[in-house]
Amino acid sequence: MIKKALITGVAGQDGRHLAKLLDKKGYQVFGTLRGQLEASHPRYQGVQRDMPFLKIMIADSLDLSALTRAVKEIKPDEVYNLAAISHVGYSFHNPLLTADVTAKGVLNILEAIRLAGLQDKTRFYQASTSEMFGGLEYNRPDQGYDESAAFHPRSPYGVAKLYGYWITRNYRESYGMYATNGILFNHEGENRGPEFVTRKISLAVARIKAGDQEYLELGNLDAKRDWGYAGDYVEGMWRILQQDQPEDYVLATGETHSVRDFCNLAFQVIGLTITWKGEGEDEVGLDQDGIMRIKINSEYYRPAEVDLLLGDPSKAEQKLGWSRHTSFGDLVKLMVDKDLERLSAS
Ligand code: GDD
């Protein structure tokens, strides 16, 4: 029997990596898009071109009836709930929408599975996040956050995701569903949206190399993240759903690097060495010829910041046999190289 998987938010970075992985593993892959899309719509066609094997369903995470119809029709063996408002900065400006989509959307898809009578068949993966830890209870500074670390979300996004985490656990405990959380630390790559800092940097570096841009504006350079490659993480998502018992897992690299580190390495790829001068909002990054390549724009500061994220993936390593393959340096290079290639092809 061919297994069927449904991915909500299939057009996002992780959705695309995961759909391709599941297709390779022999699944029939379904994915939701939202909006008033017909098969002739450019967005629909773009997704279909990228993933010709994909069966596209139109269903918004806010619409329980559309989700229920999709789940009833497909009867998926596995559902991966990746649909969300995922930009932390945006969530401060749109907190209510974030709560509806990122929190209540999880409940909608869980309910859709129950309403379709599939709670004993369908395995459920919730895209939980390290942004649920976020705050001050950094209780294992040397080893990083694991599955038992205390939560302290620092944004409307993190708070909404915490609801998604708990409702997933609650459905596991209440109804015996195979419902799991993957608590993923930052994962980046060539498909990352330009609103996230890594892609913003890789794109700017490529444009600077091409002479299309002179400098890049950033917010908090000292924020530290546990950055891995998204292509490695989707294998972990799949493994989480292949275990005998449903459990929650942290996926991370176990290393942390600052935004500043990411900039240094990214500019090195195009032969520029950055020297940092000044402090706070006046800090700038100069190249070896003294040309300003990075400056601070306080618009990119957040009302509350997660200063440091470091994950402890020991449980995933031991129980899932999962670990990341791509190093931090390789990730930065891969992203800059891809943007250089795209720019020279355009
Ligand atoms: N986006 C952005 N733009 N971030 C900046 C900038 C800027 O110009 N300058 C500095 N930063 C800092 C942010 O303040 C943050 O501390 C860090 O760079 C990373 O920001 P993002 O790339 O936007 O990602 P994130 O860590 O907030 O959230 C991502 O990772 C989470 C997992 O920990 C997202 O993918 C979330 O959806 C995900 O849950």
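The values are calculated or read from the model by the stated rules, or taken from the named source; none is laboratory data. Values in this document were obtained by computation on a predicted structure and should not be read as measured data. Cβ sites come from the backbone with ideal geometry, for glycine too, and all protein chains shown count toward neighbours.
For residues in the stretch 36-59 being touching a residue at least 24 places away in the same chain (Cβ under 8 Å) and in a loop (DSSP other than H, G, I, E, B), which is surrounded by the fewest Cβ atoms within 10 Å (Cβ to Cβ)?
Only one residue tops the list, namely F53.
Looking at (1) more than 9 Å from the ligand (Cβ to nearest atom); (2) assigned to a loop (DSSP other than H, G, I, E, B); (3) buried (at least 18 other Cβ atoms within 10 Å of the Cβ), which one does E214 not meet, given that it meets all the others?
The one condition E214 does not meet is (3).
Would you mind telling me which numbered condition in (1) crowded, with 19+ Cβ neighbours inside 10 Å; (2) in contact (Cβ under 8 Å) with a residue 60 or more places away in the chain; (3) under 22 Å from Q242 (Cβ atoms) Y175 fails?
(1)
Just the residues that are more than 20 Å from the chain's Cα centre (by Cα) and either modelled with pLDDT under 95 or among the basic types (K, R) (or both), please, taken from the stretch 99-116.
Passing the criteria: only R114.
Give the residue, chosen from N191, N181, that is more than 7 Å from the ligand (Cβ to nearest atom), at pLDDT below 95 and either at negative phi or crowded, with 17+ Cβ neighbours inside 10 Å (or both).
So the residue among N191, N181 that is more than 7 Å from the ligand (Cβ to nearest atom), at pLDDT below 95 and either at negative phi or crowded, with 17+ Cβ neighbours inside 10 Å (or both) is N191.
Of the residues A316, A252, A304, which single one is surrounded by fewer than 21 Cβ atoms within 10 Å (Cβ to Cβ), within 28 Å of S148 (Cβ to Cβ) and in contact (Cβ under 8 Å) with a residue 24 or more places away in the chain?
A304
Could you count how many residues in the stretch 147-162 are surrounded by 19 or more Cβ atoms within 10 Å (Cβ to Cβ) and either closer than 21 Å to T98 by Cβ or modelled with pLDDT of 95 or more (or both)?
Of the residues in that region, 10 qualify.
Please find, within the stretch 75-91, the residue that is farthest from the ligand (Cβ to nearest atom) out of those that are under 18 Å from the mean Cα position of the chain (by Cα) and not aliphatic (A, V, I, L, M).
The residue in question is Y80.
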